[in-house]
1. Cα-Cα over 27 Å: which of K78/K189; K78/K139; K139/K189; K78/K171?
2. With all protein chains present, calculate the accessible area of L199 using a 1.4 Å probe and round the result to the nearest 10 Å².
3. Sorted by average packing, counted as other Cβ atoms within 10 angstrom per residue and highest first, what order do 171-178, 68-75 take?
4. To the nearest 20 debye, what charge dipole does region 140-221 have about its Cα centre, counting +1 at the Cβ of each Lys and Arg and -1 at the Cβ of each Asp and Glu?
5. Heads up, I need the accessible area for F103: 1.4 angstrom probe, whole protein in place, Å², nearest 10.
6. What number do you get for region 83-137 when its Cα radius of gyration is normalised by 2.2 N^0.38 Å, N = residues?
Amino acid sequence: MARNKPLAPTTMTAAAGMPAPEAGDIAQLVEDLDGMLSRLRLGAIREQLDGLLEEAARRQLNLREALAWLCAAEVASKEQRRLSMAMTIAHFPFVRTLEGFEFEAQPSIDPAKLRDLATCRWVANGDNVVLLGPPGVGKTHLEVALGREAVSRGYTVQFTTAMELLGSLVKGQQQGSLEVRLAQYSKPKLLIVDELGYLPLEPEAGHLFFQLISRRYEQGSVLISSNRPVEEWDEVFGDQVVAAAILDRLLHHSHVVTIRGDSYRLREKRRSGLFRPRAGGTLPALPSNEEGNKSSRLN
């Protein structure tokens, strides 16, 4: 592959204090254009140059407008690549958006509150968000949707389940690499922790989680969901003192969203006829929030 040759002084414009290029110099510049675009890492312009120039000519753009048109295409391409890479790094389990959330099915949620959270001012301020509610009410959907909004605004995001996170920290402690694990989970601007409280934790998990929350306190945001109300987190972590210390830091600068409603999954089963009508023609009621929480503690 031929090296990119430095531009000769004669190719400089009069605006730079040098003589304007001659016709032969222009021809050489055109010949070297592909290499110069590669050197400047203007991949989108390089790949779409003919089409972009044709469109600029069709619109009868002047030189300044055409240059802006080319730069806009490059910026859009780079932003798309950034988003794609950031979404991959975030490890979202699926694609969900705030627009796709059925607010009418969960009337306990204030849509205006969620739209405000979608601006990600809380991420910029290092605040936390806690989503509480029984299984199946859309907590993970909202976590992913808010996480994607944060990525689109340029913040680094990592999604993990509580069991995966705490299992990683416990393993790191056992293998002597706890510091590396804590640094890994402290790095992203937003850490999303899904499904805290669904399964029993190992005895040391609470102390390790406290270390992580302490590191992120007022430095990075945490978005966490749980099927257990915060007053029961001492049962989740098996230690009242540790749970209080975690909540003290987690809730200091926080937005708490409590969802009270039916499970989407059970609602669909009911619609499909899985639950047969009683003698009176009514379907059996879904468990209430309180009953659902008791049930989850038994599982």
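1. K78/K139; K78/K171
2. For L199, the solvent-accessible surface is approximately 90 Å².
3. 68-75, 171-178
4. On the way: 8 positive and 9 negative charges, 71 e Å.
It comes to approximately 340 debye.
5. Answer for F103: close to 40 Å² accessible.
6. Scaled against compact globular proteins, the figure is 1.31.
The values are calculated or read from the model by the stated rules, or taken from the named source; none is laboratory data. The structure displayed is predicted, hence computed values, not measured ones. Backbone-built Cβ (ideal geometry, glycine too); neighbour counts: all protein chains shown. Calculation scope for accessible area: heavy atoms of the full protein, side chains included, ligands and nucleic acids excluded. Shrake-Rupley method; radii C 1.70, N 1.55, O 1.52, S 1.80 Å.
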